[in-house]
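To start, the structure itself, in structure tokens.
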């Protein structure tokens with residue numbers, strides 16, 4: 001392992017096989033120390049950032065019906081919903097009142113919505129509120145294009161013109177089609193996800209990259225996922241951050257066990273070492289809780305994610321972590337970092 005750590009110290013890229021050997025063979029604390037050193041090199045100022053935002057899940061109706069998801073409902077389900085526009089606006093107003101700068105607007109793949117719904121919604125938001133619309137996963141965008149009879153580029157161009165500011169990396173799960181076939185057989189494949197991301201980045205829309213792990217994937221699948229993200233990032237550098245989180249099995253068809261804190265920290269630290277073209281790595285307090293997110297800041301993470309004034313997808317599995325802005329600030333300070341509020345593009349707006 002010493003040779004691999006030396007290679008990382010010199011800023012040289014790990015090969016896929018070297019990455020797999022490191023991921024499987026390194027002891028956790030050594031991996032964490034190496035990741036912390038890379039984090040210090042990239043972020044020597046000791047700032048840990050976060051964004052004040054809200055998840056607005058505008059609908060839970062979804063034709064994909066992924067096995068790992070506890071949130072979706074069929075269209076005829078009595079619990080199915082499509083939020084009224086005035087309720088979405090109320091949620092935005094509440095977000096702005098507490099200093100929020102962003103809404104993450106995502107939902108299911110609703111068979112009754114085409115691009116005009118989103119154009120009308122986004123234009124209405126932008127006409128009234130000074131807020132960044134970080135919205136629509138690649139699967140949603142692909143679905144919108146297909147249901148509207150548009151090419152992917154046409155759909156993204158129209159969505160951007162109506163107010164879409166950036167695209168979240170949701171729905172990546174594991175970017176290996178054998179895994180996707182087991183957990184989300186109806187969802188777009190790896191090439192489809194990549195196609196959306198590159199098209200969005202080409203149009204100047206910043207994007208994030210994610211990974212949900214701990215379901216049925218292998219160590220090699222995890223490394224393959226990160227290798228594919230690294231390759232996409234090499235093309236345009238359009239990913240602002242990498243965000244890994246653990247699969248939550250509660251209330252899902254897939255079931256299984258929750259990944260341990262040790263497994264979470266191993267993936268996080270490895271990501272910081274392997275994704276050498278990513279500036280930001282985000283801790284996931286939503287799935288891990290505040291205390292473990294603090295530990296993650298010494299295992300390569302430099303961002304605390306968002307305050308998530310509202311979150312429904314993970315909550316549907318029975319996991320309901322919540323943090324106020326002052327709690328996020330305190331947790332970062334307690335970990336001996338300087339808390340800072342950022343915007344979607346990771347520009348610092350305010351330090352505490």
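The values are calculated or read from the model by the stated rules, or taken from the named source; none is laboratory data. Computed from a predicted model, the values in this text were never measured in an experiment. Note that we place each Cβ from the backbone using ideal geometry, even for glycine, and neighbour counts take in every protein chain shown.
Screening the candidates 253, 310 for the property of being more than 18 Å from the chain's Cα centre (by Cα), surrounded by fewer than 22 Cβ atoms within 10 Å (Cβ to Cβ), farther than 21 Å from residue 45 by Cβ and at pLDDT below 95 yields one hit, 253. Every condition in (1) assigned to a helix (DSSP H, G or I); (2) surrounded by 16 or more Cβ atoms within 10 Å (Cβ to Cβ) is met by residue 105 except one, and the failing one is (1). Whether any residue in region 119-139 is within 20 Å of residue 51 (Cβ to Cβ), out of contact with any helix residue (DSSP H, G or I) (no Cβ under 9 Å at 6 or more places or on another chain) and not in a loop (DSSP other than H, G, I, E, B) is what I want to check. So far as region 119-139 goes, yes, one or more of its residues are within 20 Å of residue 51 (Cβ to Cβ), out of contact with any helix residue (DSSP H, G or I) (no Cβ under 9 Å at 6 or more places or on another chain) and not in a loop (DSSP other than H, G, I, E, B). The set of residues from region 240-255 being assigned to a strand (DSSP E or B) and farther than 17 Å from residue 222 by Cβ comprises 240, 241. The residues of region 237-250 that are touching a helix residue (DSSP H, G or I) at 6+ places or on another chain (Cβ under 6 Å) and at pLDDT 95 or above, listed by number, are 238, 239, 242, 244. Checking every residue in region 191-202 against the condition of being closer than 27 Å to residue 305 by Cβ, outside any helix (DSSP H, G or I) and more than 16 Å from the chain's Cα centre (by Cα) gives zero matches. Only residues that are farther than 18 Å from residue 138 by Cβ, touching a strand residue (DSSP E or B) at 6+ places or on another chain (Cβ under 8 Å) and not in a helix (DSSP H, G or I) were counted across region 214-239, and they come to 1.
In the set (1) buried (at least 22 other Cβ atoms within 10 Å of the Cβ); (2) outside any strand (DSSP E or B); (3) at negative phi; (4) touching a helix residue (DSSP H, G or I) at 6+ places or on another chain (Cβ under 7 Å), residue 171 fails one condition alone, (3). Just to be sure before I move on: is residue 182 more than 16 Å from the chain's Cα centre (by Cα) and closer than 20 Å to residue 241 by Cα in the structure I sent? When the stated conditions are applied, residue 182 does not pass them.
Within region 256-290, the set of residues being under 26 Å from residue 41 (Cα atoms) and in a loop (DSSP other than H, G, I, E, B) comprises 275, 276, 277, 278, 279, 280, 283, 284.
Summed over region 74-86, the residues that are out of contact with any strand residue (DSSP E or B) (no Cβ under 9 Å at 6 or more places or on another chain) and surrounded by 12 or more Cβ atoms within 10 Å (Cβ to Cβ) give a count of 1.
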